[in-house]
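Notes for the one structure printed next.
The values are calculated or read from the model by the stated rules, or taken from the named source; none is laboratory data. Source: prediction; values computed, not measured. Here Cβ is always computed from backbone atoms with ideal geometry, including for glycine, and neighbour counts include all displayed protein chains. We work out accessible area using only protein heavy atoms, side chains counted, and drop any ligands, DNA or RNA first. Shrake-Rupley method; radii C 1.70, N 1.55, O 1.52, S 1.80 Å.
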Amino acid sequence: MINEKILASLRQELHEQTAQMRWSELERFFAGGQVISVAAELDLIDVGARIAADDKASVEAWMNARLVYRTTDTQATDWINSDALLWVVVVKPWILVQHNRKQPLATAQ
């Protein structure tokens, strides 16, 4: 079981580090196999926190549902062509990206 205080701390840290970037700035990381796509229906910050906390059950469930997956060549091509602006958070060694970021709910401190 994941400690909720640890998750809250990770969420806060990742929230402060989340930014928007153009796909052109991320292409080299994609070429290195480091870019992970997060579906719009998930909270990018929560996904990052659960990856950082090694919450294997949640991550496996999302992967099995194709909600978290390695960014595809087709996506990369579409994002190049549209000069896409993506939400990005780094959870080493991964760069998590989300095209249409779900706004997180306010969390109690």
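When we screen A40, A65, A57, A19 for residues that are closer than 23 Å to K5 by Cβ and open to solvent by 40 Å² or more (accessible area, probe 1.4 Å), the only hit is A57. Only one of the numbered conditions (1) of a type in the set (K, R); (2) open to solvent by 70 Å² or more (accessible area, probe 1.4 Å); (3) touching a residue at least 40 places away in the same chain (Cβ under 8 Å) is not met by R70, and that is (3). Give region 11-37 a look and list any residue that's part of a helix (DSSP H, G or I) and either modelled with pLDDT under 95 or within 15 Å of the chain's Cα centre (by Cα) (or both), or say none. Across region 11-37, the qualifying residues are R11, Q12, E13, L14, H15, E16, Q17, W23, F29, F30.
Is it true that L96 is surrounded by fewer than 17 Cβ atoms within 10 Å (Cβ to Cβ) and in contact with a helix residue (DSSP H, G or I) (Cβ under 9 Å, 6 or more places away or on another chain)? Criteria not met by L96. For the residues A8, A61, A76, A40, the requirement of being outside any strand (DSSP E or B) and without any contact (Cβ under 8 Å) to a residue 24 or more places away in the chain singles out A61.
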